[in-house]
Amino acid sequence: MDYLAKYTIPFKGLKDGKHEFNFTIDQEFFEHFQQEDAYQVDASVKVTLEKKTLVMTLTIELEGKMNVACDRCLEPFDMEVSGESSVYVKFGEENEELADDVIVISEAVNELETAHYIYELFSLSLPLSFVHPEDEDGDSTCNEEMIQKLNDHSVNDEQIIDPRWNDLRKLIDNN
């Protein structure tokens with residue numbers, strides 16, 4: 001059995017109205033998307049399918065934790081991950097994607113595969129950098145020892161000024 005099949009919603013027999021489906025995603029989920037590094041995630045996903053005669057709305061809500069290494073101090077921590085998105089499903093003659101959030105499926109289709117939409121929501125919910133959150137006082141919760149080492153080895157622009165660049169700086173300042 002295909003692992004991602006459990007993220008498929010059979011909608012043909014459902015009555016019009018709202019229907020909820022709950023899923024979990026973990027490291028194994030991401031291994032099926034051929035990621036170089038499978039994320040260490042423990043998250044729950046609630047998919048609400050609102051079925052109407054001509055259109056369906058798929059609302060996906062993601063809530064969980066992801067174990068990552070801090071980009072600043074390299075210490076691992078659990079980062080909160082959450083997000084929400086909607087996909088509108090119309091019925092037509094053939095399957096096609098009209099926009100990022102609008103798809104058309106054939107009348108012959110009986111089920112809706114949601115794994116790809118869950119993966120996209122997760123990917124778009126990630127911040128650009130993984131950094132420890134600040135505490136109640138607004139101070140960093142990074143490893144203080146590592147931050148001190150970084151500060152000790154950081155280069156101050158004023159410390160290293162090659163005298164050969166002084167003439168070029170004069171030219172820039174005059175313009």
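Remarks
- Relative contact order for the chain, counting Cα pairs under 8 Å that sit 6 or more residues apart, in percent: 18
- Among Ile60, Val109, Leu98 - extreme Cα towards positive end, dipole of the range 1-152, charges at beta-carbon: Val109
- Residue order for Met146, Met79 - accessible surface, 1.4 angstrom probe, largest first: Met146, Met79
- Centroid-to-centroid, using Cα positions, the range 1-22 and the range 83-155 are 22 Å apart.
- Exposure rank, largest accessible area first [His116, His153; 1.4 Å]: His153, His116
- Accessible surface ranking that places the most exposed of Leu112, Leu150 first, with a 1.4 angstrom probe: Leu150, Leu112
- Nitroxide proxy distance, nm - points 7 Å out along Cα→Cβ at Ser123 and Leu54: 3.3
The values are calculated or read from the model by the stated rules, or taken from the named source; none is laboratory data. Bear in mind the structure is a predicted one, so any value in this text is a computation, not a measurement. No Cβ is skipped: glycine too gets one built from the backbone with ideal geometry, and neighbour counts run over all protein chains shown. These area figures cover heavy atoms from the full protein model, side chains too; ligands, DNA and RNA do not enter into them. Shrake-Rupley method; radii C 1.70, N 1.55, O 1.52, S 1.80 Å.
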